[in-house]
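Take a look at the structure set out below.
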Amino acid sequence: MSNTLNDVVWNERAWPALQSLHQNSTCDVCVIGLGASGLHAIEYLVTHGVDVVGIDAGMVGGGAAGSNGGFILAGIAAFHHDAVGALGHDIATRLYHETLEEIALLAQHEPLFRQSGSIRIAADADEYADCVAQYECMRRDGLAVEWYEGNEGKGILFPHDGVFQPLLRVRRMARAMHDGGVRIFERTPAHVVAPGVVHANGSIIRCRTVIVAVDGRLEQLLPSLQNQVRTTRLQMLATAPDPQVTLTRPVYYRYGYDYWQQLPNGSIAMGGCRDLHEAAEWGFAVMPTQPVQQSIEATLRTVVGSQAPITHRWGAAVAYRTDDVRPLVAQISPGVWVCGAYNGTGNIVGAICAKHVARAIVTGSTTHLRWWVA
Ligand SMILES: Cc1cc2nc3c(=O)[nH]c(=O)nc-3n(C[C@H](O)[C@H](O)[C@H](O)COP(=O)(O)OP(=O)(O)OC[C@H]3O[C@@H](n4cnc5c(N)ncnc54)[C@H](O)[C@@H]3O)c2cc1C
């Protein structure tokens, strides 16, 4: 396997690159990071008449938002009973409901979303007991969950979950913004973030407020967050269309360390096994590696039962929170906001957190954030 390959299965459409920023500018809010989080923040801000400059070190969707598993999952990254253990029933259930509302919005407005439900399959008896605990906790809190038994194995089913095409989604959002006159720039890395100013690509952006909507590499840009977040690589692969396998829903397996879904063309997109090689996966590197790829492939062959050739292998960076099960959503200094560290599950939670930050900036109130912060 080449160690320079980073070939994302979603990367199938030509994307006319946006310009990079080469001149000093001013705006109300500078948003750093044009993944789904940053774009949701921008969308909220411009809808409320705020003048925004958005920048990305690479390309729109070039981070995790355009290279993830495409799972749309209710709840924060921790399973509901684990979230309850850390936060209590009240807060964990409120957060779960917020994600359900965001999924309902997606179902209403996003044609790329397929609300198939998702399943968590137990790898052994201990994990089945954990599925039972999760089921009972969710039922107690009035959250939808069902028993599941099928070709994939035994476990539980979450009817509101689903899948979408993550890269296409962010690029459509960005294209609509750009065409609508919003100032967004690619290949414009931020080097310095301070109240009222961002230094990026040799230019200075003066602004009242900064939103750092960077998930992976957050502590690289903001070293003061080193004790709260830690970046890791997550890896995936995809196969050629496999007519021997039929999967109707995305699958979480081995406590979610392994995950896969079958794409509309029959290909299987699969990720995981980070826990088996954890020490090597921490850090800012994103290229796929042989040990993790071999582990994913072994699960593909033995557990999923697909023998189809591998067509794509890739990795991307995400940040984990080291001191809370929730993401980091905070104003870390006057006028500098951060949203990130979604613990590997950011498609829904990232959109919520980014919009919450944007709303706090527009309204001056943080009441709506109270369940998200310690
Ligand atoms: C392999 C993989 C599978 C995953 N699967 C799922 C899944 O199925 N479901 C789910 O919910 N979540 C999943 N996740 C997590 C999810 O993708 C992320 O949490 C989410 O996409 C984060 O979005 P974001 O916009 O905050 O960050 P990103 O998409 O990473 O965007 C951040 C952007 O910031 C830019 N940037 C970084 N530093 C700078 C800088 N200094 N200056 C300017 N720009 C900068 C980057 O270039 C990047 O484009 C997965 C992640 C990975 C890697």
Scanning region 325-347 residue by residue, those of a type in the set (A, V, I, L, M, F, W, C), near the ligand (Cβ under 9 Å from one of its atoms) and in a strand (DSSP E or B) turn out to be C339
Give me the pairs, please: first residue somewhere in region 64-92 and charged (D, E, K, R), second residue anywhere and modelled with pLDDT of 95 or more and open to solvent by 20 Å² or more (accessible area, probe 1.4 Å), beta-carbon distance under 8 Å, and either six or more positions apart or on two chains. D82/V325
Criterion (open to solvent by less than 10 Å² (accessible area, probe 1.4 Å) and either of a type outside the set (K, R) or at pLDDT 95 or above (or both)) met by exactly one of P327, P334: P327
The condition of being within 24 Å of C30 (Cα to Cα) and either free of Cβ contacts under 8 Å to residues at least 60 places away in the same chain or surrounded by fewer than 22 Cβ atoms within 10 Å (Cβ to Cβ) (or both) holds, among G153, G181, only for G181
Filter result (open to solvent by 60 Å² or more (accessible area, probe 1.4 Å) and touching a helix residue (DSSP H, G or I) at 6+ places or on another chain (Cβ under 9 Å)) within region 122-141: E136, R140
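Go over the candidates A354, A360, A317 one by one and state the one that is part of a helix (DSSP H, G or I), in contact with a strand residue (DSSP E or B) (Cβ under 8 Å, 6 or more places away or on another chain) and near the ligand (Cβ under 9 Å from one of its atoms).
On the way: A360 fails: near the ligand (Cβ under 9 Å from one of its atoms); A317 fails: part of a helix (DSSP H, G or I).
After ruling out the rest, the residue left standing is A354.
Taking strands (runs of 3 or more DSSP E) that fall entirely within region 5-121, which contain at least 1 residues that are more than 20 Å from A269 (Cβ to Cβ), open to solvent by 30 Å² or more (accessible area, probe 1.4 Å) and charged (D, E, K, R)?
25-32
Starting from residues that are in a loop (DSSP other than H, G, I, E, B) and open to solvent by less than 20 Å² (accessible area, probe 1.4 Å), keep the ones in region 241-262 and report whichever is farthest from I121 (Cα to Cα).
Filtering region 241-262 down to residues in a loop (DSSP other than H, G, I, E, B) leaves 241-250, 254-257.
Filter again for open to solvent by less than 20 Å² (accessible area, probe 1.4 Å), leaving 242, 245, 250, 256.
Working: D242: 21, V245: 17, P250: 10, G256: 9 Å.
Among those that are in a loop (DSSP other than H, G, I, E, B) and open to solvent by less than 20 Å² (accessible area, probe 1.4 Å), it is D242.
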Filter region 165-183 down to the residues that are at pLDDT 95 or above, at negative phi and in a loop (DSSP other than H, G, I, E, B) and list them by number. G180, V182
Quick one: F164 ticks every box in (1) within 11 Å of the ligand (Cβ to nearest atom); (2) open to solvent by 30 Å² or more (accessible area, probe 1.4 Å); (3) not hydroxyl-bearing (S, T, Y) bar one, so which box is it? (2)
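The values are calculated or read from the model by the stated rules, or taken from the named source; none is laboratory data. Bear in mind that the values here come from a model prediction, so they are computed numbers and not experimental data. Methodologically, a virtual Cβ is constructed for each residue, glycine included, from the backbone with ideal geometry; neighbour enumeration extends over all protein chains shown. Calculation scope for accessible area: heavy atoms of the full protein, side chains included, ligands and nucleic acids excluded. Shrake-Rupley method; radii C 1.70, N 1.55, O 1.52, S 1.80 Å.
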